[in-house]
1. Name the single residue, out of those in the range A:68-78 being in a loop (DSSP other than H, G, I, E, B) and either in contact with a helix residue (DSSP H, G or I) (Cβ under 6 Å, 6 or more places away or on another chain) or buried (at least 17 other Cβ atoms within 10 Å of the Cβ) (or both), that is nearest to the other protein chains (Cβ to nearest Cβ).
2. Considering each residue of the range B:111-147, count those that are facing chain A (nearest Cβ under 10 Å) and either surrounded by fewer than 17 Cβ atoms within 10 Å (Cβ to Cβ) or on the phi > 0 side of the Ramachandran plot (or both), and give that number.
3. More than 14 Å from chain A (Cβ to nearest Cβ) and more than 16 Å from residue B:43 (Cα to Cα): which single residue out of B:86, B:74 fits that description?
4. Can you find, within the range A:79-97, the residue that is nearest to the other protein chains (Cβ to nearest Cβ) among those that are surrounded by 15 or more Cβ atoms within 10 Å (Cβ to Cβ) and part of a loop (DSSP other than H, G, I, E, B)?
5. Name the residue that is farthest from residue A:424 (Cα to Cα), counting only residues in the range A:446-466 that are within 14 Å of another protein chain (Cβ to nearest Cβ) and loosely packed, with under 14 Cβ neighbours inside 10 Å.
6. Residue check: is residue A:55 modelled with pLDDT of 85 or more and surrounded by 14 or more Cβ atoms within 10 Å (Cβ to Cβ)?
7. Sort out for me the helices (runs of 4 or more DSSP H) sitting completely within the range B:48-165 that have 3 or more residues that are closer than 30 Å to residue A:148 by Cα.
8. So is residue A:222 buried (at least 23 other Cβ atoms within 10 Å of the Cβ) and either in a helix (DSSP H, G or I) or not assigned by TED's automatic domain parsing to the domain that holds residue A:290 (or both) or not?
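The values are calculated or read from the model by the stated rules, or taken from the named source; none is laboratory data. In this text the structure is predicted, and so the values were computed from the model without any measurement. Virtual Cβ from ideal backbone geometry, glycine too; neighbours counted across all protein chains shown.
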């Protein structure tokens, strides 16, 4: 039982069926308009082809492409152990059978999202702004919400529905174009059939097709966004259950909504964010075309929960919005849970810490100066030393040096080159450059004897300073 | 012909449908039980991780606060007990002790600024705190699943199938929350 909420499954099946039906209808209309009367089936085939091509594009442009488009960098446990710990905690709380990857986006607007069709490619991404603005409980709430998206397979269904929506919009545009330019109708055939009665029937079909072409995309969008909003509420409900602390998510949502969003993302991924990155700060109202429910409503529901279980969320949801959210079967199975106390821990990373982590990820080399200042040099920097920005004295950029006199053994291939050597200065984060110029980071907990350069593949011996 | 048809229907209703029902219930119970075993394994992983971290922590603290011998010994003792535990009930008991001992160790460490500034100690502290959290969250999930499983095997008519194939009731992984039960101590000095 990967998916937790049965009503959710039913709803997604309904959504996919309805969208599929709409897609077929649009295709049929396109055929009638574009290829002449009676050619609806051709249109149907066109619709299918468009859908399949879009699906193929989406599958080919995997998560990594989307993430790279947003400037997200994958984190390893050493980069941010506390963030990793929080993700793992929530993975355990949700019973998710796999550990999602963790990505960091360098952006001051606090936001987060989940992505992934398959366990292997699933990822949770957070912005740097989120890390230093939220305390641990709040961040935990946000991560729990994202993990809930993965657990409920929202990432899967919403992207599939998104592809369908895109195809429907494309078909509608195609139909309009064909209407304007007359489509592929063979002139002779349409003239030969222009008897008065069949002409009238044709006109009616044409009119219906036009109406479908206009309404189709609108209906599809309303369906899509309604489902998206429902799933946001459900992810909130699950997050409260996982963390046993609804207040964490509530205050995180408030904080995120209070900060103007400066994230540039495509519309396709907007529903996956915790708060819609495309809407302005708090200027959101509930409309048929919004991906997320208004934040104040979500906060209101979370704050009026009596406990922390799904049943409590359902009761609060009914009180604030009216109508039910979670199906009876899942509610019956849901355990009664009481909320826990706040952990009282502050932000998991400070602003300078976060900036340093981002620079490390971007391959910056840090060069400490005797005056206490630290210069950070980007990866492509030419030259062996840098002037300290405060006292002006030149400092050598730490790099790995060839070990001993074995350097002449360096043959043509990179792997056979003599091993390089780097002397560690202390137990903190250290960055240095390989002979090829690529920068290499060592975490405080690194205790191995050698590392391998990611670019040239050369081995570098690491010696600990005594 | 009609009598053959009725015969088929009778056979289907009497034998095939119940058999299908039993198969479905049995399979769902097996799924639930495996899920339960798996979530127990998740707790186990975290408990082991905690046991592995503790010797490191003790070594680090020793360097700065050697005369807190009593506290350190308590931690080691609790850890060894936890490692030796066999059943979930025993494990729960020992882990409670260990949690308490660790709490007092971290409380004691507050008095040593040098220790608090040690990178290694800070990393260990974060790891241990998070491992505690992970144990708590894994336990939370385990107990939720245990409840679902227990309810399922006790409910009619699934209990018949459960009895037939000996699906036994499972115990929860309980934790005494002393901090909650004890009244806060207030001292006027």
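1. Among them, the one singled out is A:77.
2. 5
3. Exactly one of B:86, B:74 is more than 14 Å from chain A (Cβ to nearest Cβ) and more than 16 Å from residue B:43 (Cα to Cα), namely B:74.
4. Looking at the filtered set, the residue picked out is A:95.
5. Just the residues of the range A:446-466 that are within 14 Å of another protein chain (Cβ to nearest Cβ), to begin with: A:446-447, A:464.
From what's left, loosely packed, with under 14 Cβ neighbours inside 10 Å: A:447, A:464.
Working: A:447: 11, A:464: 5 Å.
Taking the candidates together, the pick is A:447.
6. It is false that residue A:55 is modelled with pLDDT of 85 or more and surrounded by 14 or more Cβ atoms within 10 Å (Cβ to Cβ).
7. B:88-109, B:119-154
8. Values: buried (at least 23 other Cβ atoms within 10 Å of the Cβ): no; either in a helix (DSSP H, G or I) or not assigned by TED's automatic domain parsing to the domain that holds residue A:290 (or both): yes.
No.
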